[in-house]
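Taking it in order: structure first as structure tokens, then the write-up.
The values are calculated or read from the model by the stated rules, or taken from the named source; none is laboratory data. Nothing here was measured: the structure is a model prediction, and the numbers come from that model. Heads up, the Cβs are rebuilt from the backbone with ideal geometry, glycines too, and the neighbour counts pull from every protein chain shown.
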Amino acid sequence: MYGCLKIATVKEPRLCALIFLLAVGSLVPAFGQSSSTDQIEALIKDVPQLPFDQVVLNVKPPLGLERVSAVTTDKKGNIYLMQRSVNGDPVVEVDAQGNFIRSWGKGMFTIPHGIRVDPDGNVWTLDAHTSMIYKFTPEGKKLLEISVGDIPDSSKKFCGATDIAFGKRGHLFVADGYCNARVIEYDAAGKKLREWGKHGNGPGEFYVVHSIAISRKGILYVADRENGRVQRFDKRGKFLGEWTYGGQLYAVAFGPNEEFYATIHAKGVAFDKEFYVMRLDLASGRILGKFMASAHELAVAPNGTLLPSALNDQLILLKPRK
């Protein structure tokens, strides 16, 4: 390289620049260490297409949805979504055909972010600005609120909690998320039990804890968004490993038969470009299938339908082909 610099000072600056770029390019690991569009595409190039059909579910009567940030479903097939609406209710419930059932939550949220349904059918929501977590009945009656607190900079729009997963005995695992880069465990009454994580890119460190899911064995899978990876922990926060893909790793979710999905987006491009849902092998992290769809957050219905949220005005379903 020093020889190249010597050449550049004399007669061959263009040749030296080419040699330098090739040398730098050769240092980039082939698997998931770069966030460019080209390398995301190379990562999934030979991965088979997942057998889904993308369907836009029209809400009836039309509500004029705005920036749907998360979607989930209950055991009956009813769908709950969070939207960042200027005038409408943030939480909207519809049936499997899109027929409006009810909505609620106006005035309770600053930046609606996550929504999940627990095993008992209760609806949980998270606000990414205030870091407030609310538990509701399916009819929208508030049962519990948890103030996560410890917000480092309340002037930032996005500085709070993002997602929630449900463990045994009603325990909650919260992704806290934007500013704090940590996972918090609460008991069923909302008492904090433990937390782990800090900013960084090492094991157990995070750069935006954006989504969280828990397996039947109690293993936690965390979407470490800006580090482009999924990290795995036991329920006490012990680091078990990671799978790095590059780009932005937005969401993780389990299907009814323990199918494991994650969503990936190339950095530096529009949100609705170069976004994929991936099915991952739970033992190795190998990518088993892909489907191009924007998915800020992700849930899976009992019938295997995927529920991505595209931060737009559409309610999108990825239905398995029969």
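Of the residues making up region 143-153, those that are part of a loop (DSSP other than H, G, I, E, B) and touching a residue at least 24 places away in the same chain (Cβ under 8 Å) are V148, D150, I151, P152, D153. Comparison of A310, A283 shows that the only residue that is in a loop (DSSP other than H, G, I, E, B) and free of Cβ contacts under 8 Å to residues at least 12 places away in the same chain is A283. Taking G246 as the residue in question, decide whether it is more than 16 Å from the chain's Cα centre (by Cα) and in contact (Cβ under 8 Å) with a residue 24 or more places away in the chain. No; evaluated as a whole, the condition is false for this residue.
One line per residue, one yes/no per condition, for (1) at pLDDT 95 or above; (2) in a strand (DSSP E or B); (3) in contact with a helix residue (DSSP H, G or I) (Cβ under 7 Å, 6 or more places away or on another chain):
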{"position": "G202", "(1), (2), (3)": "yes, no, no"}
{"position": "H210", "(1), (2), (3)": "yes, yes, yes"}
{"position": "A213", "(1), (2), (3)": "yes, yes, no"}
{"position": "Y221", "(1), (2), (3)": "yes, yes, no"}
{"position": "Q231", "(1), (2), (3)": "yes, yes, no"}
{"position": "G237", "(1), (2), (3)": "yes, no, no"}
{"position": "L240", "(1), (2), (3)": "yes, yes, no"}
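Inside region 154-170, residues that are under 18 Å from D234 (Cα atoms) and either at pLDDT below 90 or assigned to a strand (DSSP E or B) (or both) make up a count of 4. A single entry from F239, F233, F291 fulfils the requirement of being surrounded by 14 or more Cβ atoms within 10 Å (Cβ to Cβ), over 21 Å from V222 (Cβ atoms) and among the aromatic types (F, W, Y): F291. On the basis of being under 24 Å from H171 (Cα atoms), surrounded by 14 or more Cβ atoms within 10 Å (Cβ to Cβ) and touching a Leu at 6+ places or on another chain (Cβ under 7 Å), does F109 make the cut? No.
The single residue among D95, D38, D89, D74 that is of a type in the set (D, E, K, R) and over 30 Å from K135 (Cα atoms) turns out to be D38. Within region 198-220, being free of Cβ contacts under 8 Å to residues at least 40 places away in the same chain and of a type outside the set (A, V, I, L, M) holds for K198, H199, G200, N201, G202, P203, G204, E205, F206, Y207, K217.
Taking strands (runs of 3 or more DSSP E) as the structural unit, those lying wholly within region 47-103 and holding at least 3 residues that are surrounded by 18 or more Cβ atoms within 10 Å (Cβ to Cβ), of a type in the set (S, T, Y) and in the same structural domain as L298 (by TED's automatic domain parsing) correspond to 68-73. The residues on offer are L311, L307, L298, and the sole one that is surrounded by fewer than 20 Cβ atoms within 10 Å (Cβ to Cβ) and touching a Ser or Thr at 6+ places or on another chain (Cβ under 8 Å) is L311.
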